[in-house]
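Enquirer: What follows is a single structure, and I will ask about it in a moment.
The values are calculated or read from the model by the stated rules, or taken from the named source; none is laboratory data. Keep in mind it's a predicted model, so treat the numbers as computed, not measured. For neighbour counting, all protein chains shown are included, and Cβ atoms are generated from backbone atoms with ideal geometry for every residue, glycine included.
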Amino acid sequence: MLRPLGLGDLLTGVPAIRAVRAAVPDHHLVLATTEALRPLAELIDAVDEVLPARELEPLDWSGPPPELAVDLHGKGSASHVVVADLHPRRLLTFASPGYPGPNWYADEHEVRRWCRLVSEGLGVAADPDALDLAVPPVPPPVRDAAVVHPGAAYPGRRWPPDRFAAVARFLADAGHDVRITGGPAEVELARSVAGAAGLGPDAVLAGRTTSLELAAVIAAARVVVCGDTGVAHLASAYRRPSVVLFGPVSPALWGPPPREHHVVLWHGDGSGDPWGTDLDPALARINLDEVLTAVEELT
């Protein structure tokens, strides 16, 4: 199964991966994903082995041709050929020139898209709500924290830092243990948010956690406030209360499952640029008061 993308991509593919397991319950299932995501991929109970992979590059597979190969990466031949080159007995891909399969629909939610590929292609039921991950085998650096995650892969998806700081200050004033998370490239952003919120350096977890420790923090969190990022999908995977702020991309495509403890805020029309270098206007329209109201209702 090929899925060498980002954290959110991996987690939205979990229900489809579980459906593949249901289709071939006695097989040894190998998930090809990035080396960085290996620790989290190993938390998926349907996966027997993780194979390090690079996007759209040939796989370093020395085993025999597989019985089944599934492209959970994309819709076209560039990714189809990666799994086809393994010479599997059966190949499952979306339809494209030279490759039969189910049709790709651009307006389909990411979770349901891959569930449908497996369901139609292998004739098994796929549950879009089967997003859960095993709890990481490491102790979380903190438990029951109010997690504020101000970063995102692209500037267009980053709500202004001063607003995140105001949320963090609101949570701290309400008596919560507030922690600011982020990756190594987001340390300065996290520090600026913590400083503006009046929090000390211990509140900043950005750059200080491994991927498993971050997952453990989210799994044990009181509430999570973030943008359209992998952390939002971790909150879904661990069924933690979350307030997720969407901008250029519609939550109808990437949002959390419809559960009462996941609150989605969005004022867009789906026409924004998810790779934009400037704050998306739809994300900018989410005001502080509505975020604080949502946070207060969840806590």
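Enquirer: Looking at region 281-295, which of its residues are in contact (Cβ under 8 Å) with a residue 60 or more places away in the chain and either under 12 Å from residue 171 (Cβ atoms) or touching a strand residue (DSSP E or B) at 6+ places or on another chain (Cβ under 7 Å) (or both)?
Expert: Within region 281-295, 283, 286, 291, 292, 295 qualify.
Enquirer: Could you go through region 119-130 and let me know if any residue there is in contact (Cβ under 8 Å) with a residue 40 or more places away in the chain and in contact with a Lys or Arg (Cβ under 6 Å, 6 or more places away or on another chain).
Expert: For region 119-130, residues in contact (Cβ under 8 Å) with a residue 40 or more places away in the chain and in contact with a Lys or Arg (Cβ under 6 Å, 6 or more places away or on another chain): present.
Enquirer: Within region 178-219, track down each residue that is closer than 14 Å to residue 140 by Cα and of a type in the set (Asp, Glu).
Expert: Answer for region 178-219, where residues must be closer than 14 Å to residue 140 by Cα and of a type in the set (Asp, Glu): just 213.
Enquirer: Restrict the check to region 199-212 and report whether at least one residue is surrounded by 23 or more Cβ atoms within 10 Å (Cβ to Cβ), free of Cβ contacts under 8 Å to residues at least 40 places away in the same chain and in contact with a Pro (Cβ under 9 Å, 6 or more places away or on another chain).
Expert: no
Condition check ((1) outside any loop (DSSP other than H, G, I, E, B); (2) crowded, with 22+ Cβ neighbours inside 10 Å; (3) basic (Lys, Arg)) across all residues:
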residue	(1), (2), (3)
218	yes, yes, no
247	no, yes, no
258	no, no, no
269	no, no, no
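Enquirer: Within region 213-243, track down each residue that is in contact with a Pro (Cβ under 6 Å, 6 or more places away or on another chain) and under 19 Å from residue 159 (Cα atoms).
Expert: Within region 213-243, just 223 meets the criteria.
Enquirer: Still on this structure, please answer the following. Only one of 111, 138 is at pLDDT 95 or above and in a helix (DSSP H, G or I); which?
Expert: One residue alone meets the criteria, 111.
Enquirer: How about region 188-198: which of its residues are surrounded by fewer than 17 Cβ atoms within 10 Å (Cβ to Cβ) and either of a type in the set (Lys, Arg) or on the phi < 0 side of the Ramachandran plot (or both)?
Expert: 188, 195, 196 - these are the residues of region 188-198 that are surrounded by fewer than 17 Cβ atoms within 10 Å (Cβ to Cβ) and either of a type in the set (Lys, Arg) or on the phi < 0 side of the Ramachandran plot (or both).
Enquirer: Follow-up. Please state which of the following conditions residue 36 fails to meet, knowing it meets all the rest: (1) under 14 Å from residue 1 (Cβ atoms); (2) of a type in the set (Gly, Ala, Ser); (3) not in a strand (DSSP E or B).
Expert: (1)
Enquirer: Among the residues of region 46-59, write down those that are part of a loop (DSSP other than H, G, I, E, B) and surrounded by 18 or more Cβ atoms within 10 Å (Cβ to Cβ).
Expert: Start the filter on region 46-59 by keeping residues that are part of a loop (DSSP other than H, G, I, E, B), which leaves 46-48, 53-59.
Selection gives 46, 47, 53, 59.
Enquirer: Take residue 153 and tell me if it is out of contact with any Lys or Arg (no Cβ under 6 Å at 6 or more places or on another chain), surrounded by 15 or more Cβ atoms within 10 Å (Cβ to Cβ), farther than 13 Å from residue 193 by Cβ and of a type in the set (Gly, Ala, Ser).
Expert: yes
Enquirer: With respect to the numbered conditions (1) more than 30 Å from residue 77 (Cα to Cα); (2) surrounded by 17 or more Cβ atoms within 10 Å (Cβ to Cβ); (3) in contact with a helix residue (DSSP H, G or I) (Cβ under 9 Å, 6 or more places away or on another chain), which one is the sole condition not fulfilled by residue 109?
Expert: (1)
Enquirer: Next question. Which of the residues spanning region 60-85 are in contact (Cβ under 8 Å) with a residue 24 or more places away in the chain, buried (at least 18 other Cβ atoms within 10 Å of the Cβ) and part of a loop (DSSP other than H, G, I, E, B)?
Expert: Result: 66, 72, 73, 75.
Enquirer: Search region 220-245 for residues being part of a strand (DSSP E or B) and of a type in the set (A, V, I, L, M), and hand back the single one that is surrounded by the most Cβ atoms within 10 Å (Cβ to Cβ).
Expert: Quick first cut of region 220-245, residues part of a strand (DSSP E or B) only: 223-227, 242-245.
Pick out the ones that are also of a type in the set (A, V, I, L, M) and you get 223-225, 243-245.
Numbers: 223: 24, 224: 26, 225: 31, 243: 27, 244: 25, 245: 29.
Checking each candidate, the answer is 225.
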